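The values are calculated or read from the model by the stated rules, or taken from the named source; none is laboratory data. Since the structure is predicted, the reported quantities are computational estimates derived from the model, not experimental observations. Cβ: placed from backbone, ideal geometry, glycine included. Neighbour counts: every protein chain shown. Accessible surface is based on the protein model in full, side chains and every heavy atom, while ligands, DNA and RNA are left aside. Shrake-Rupley method; radii C 1.70, N 1.55, O 1.52, S 1.80 Å.
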Amino acid sequence: MNTKVLSYDDLKIVPADVYEQMNYHGVLPDEVTQQETMSVIEEARACAQPQFCFQVVRDCPPFEMGHIILRQLRGAEAYALFICTAGTAFEAYQQRLKEADDMVRIFIADALGSVMAEKCADRMEEALQESIDKLGWKHTNRFSPGYCGWHVSGQQQLFPLFHGQTCGVRLTDSSLMVPIKSVSGIIGVGKNVRKNEYSCGLCDYEHCYKRRKPSQKDAANS
């Protein structure tokens, strides 16, 4: 098992990442929102302890992932199972904002938490690649329960494979992760796999965070 606790700065988040998550696509929010966002970022920097864990297994677990993911994993010689999270400290910070009923900062922190979880997964992928470089292997995109035809209940099969070493993330009976700002799933590794640009043509899930959002330029030309 490979595990690592990160700092906020390790995530390499820039404000534009948060604005994009807040649906400011290619434009800046008003000055007050920018100031509030920077304030939330500084508070998160002071408390957050994002972390990830992953393990590489030779045989693909018998997950019911659907044909889309199975096709993308084709050619893999092994499989990385992973969990990444913005962490319990950040979730506690979000709870304090909710108790204060600060709706603007709650919204900003929610967006920031989503970015943190995904950036943590990016750092996990870098660590994974470093660990397989010596084998001359590459890796596929990462795929998670709840996307591309893999039902979210697949979490119930995935988590026991970590034997309790889940970076402090637990599952509810409905298969939601706690802290909620967490990402889990599978990655194929091997000499004959590749990582593709996320293509919405692969999947019909309209609310996927990877689905490309039109820029103002695109909208003007449509």
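Placing +1 at every Lys and Arg Cβ and -1 at every Asp and Glu Cβ, with all other atoms neutral, what dipole size does the chain have around its Cα centre, in debye to the nearest 20?
Once rounded to the nearest 20, the dipole reads 940 debye.
If you build the Cα gyration tensor of the chain and take the root of 5 times each eigenvalue, what three semi-axes come out, in whole angstrom, biggest first?
Sorted largest first and rounded, they come to 30, 22, 17 Å.
Work out how much length Ser153 to Ala100 would gain on full extension: take 0.36 nm times their residue separation and subtract the Cα-Cα distance, in nm to one decimal.
Separation in residues times 0.36 nm, less the Cα-Cα distance, equals 15.8 nm.
Suppose we flag trypsin sites (Lys or Arg not before Pro) only when DSSP calls them loop and at most 12 other Cβ atoms lie within 10 Å. Which is the longest uninterrupted stretch of the chain?
75-190
Running Debye on the range 38-144 with equal point scatterers at the Cα sites and no solvent, what base-10 log of I(q)/I(0) appears at q = 0.14, 0.19, 0.20 Å⁻¹?
Cα-only, vacuum Debye calculation for the range 38-144: -0.68, -0.93, -0.99.
Suppose only helical runs count, i.e. DSSP H with n ≥ 4. What mean residue ellipticity at 222 nm does that imply for the chain under -39500 (n - 2.57) per run, divided by all residues and rounded to the nearest 500 deg cm²/dmol? Walk me through the intermediate numbers first.
Working: 7 runs with 82 residues, N = 222.
Calculated at 222 nm, the ellipticity per residue is -11500 deg cm²/dmol.
In whole percent, and with a 1.4 Å probe on the protein chains, what portion of the accessible area of the chain is carbon and sulfur?
Values: 5930 of 11900 Å².
It is 50 percent, rounded to a whole number.
Using a Förster radius of 25 Å, what is the FRET efficiency between Val5 and Glu31 based on their Cβ-Cβ separation? Nearest 0.05, please.
0.10
Which links in Lys134/Lys181; Lys4/Lys195; Lys12/Lys191; Lys4/Lys181 stretch past 25 Å when you go from one Cα to the other?
Correct reply: Lys134/Lys181; Lys12/Lys191.
Once Lys and Arg get +1 and Asp and Glu get -1 on their Cβ, which of Leu28, Leu112, Val56 lies farthest toward the positive end of the dipole of the chain?
Val56
Taking K and R as +1 and D and E as -1, what net charge do the other residues with C-beta under 14 Å from the C-beta of Phe54 add up to?
Around Phe54, the charge tally is -1.
Span-like helices, the chain: DSSP H, alpha-carbon axial extent 27 Å or more, mean Kyte-Doolittle -0.5 or greater, which ones?
Those that pass (Cα extent of 27 Å or more, hydropathy at least -0.5) are 103-132.
Would you please name the GluC sites (Glu not before Pro) within the range 33-96 that are DSSP coil residues with at most 13 other C-beta atoms within 10 Å of their C-beta? Working shown, then result.
Working: sites: Glu36, Glu42, Glu43, Glu64, Glu77, Glu91; in loops: Glu64, Glu77.
Here the sparse-neighbourhood loop sites are Glu64.
Given H placed on each backbone N at 1.01 Å, which residues far from Ala78 in sequence or on other chains put an amide H within less than 5 Å of it?
Long-range HN contacts for Ala78: Val189.
Could you pull out every one of the aspartates and glutamates with an alpha carbon less than 19 Å from that of Lys138, ignoring same-chain neighbours closer than 8 positions?
Asp59, Glu77, Asp122, Glu125, Glu126, Glu130, Glu197
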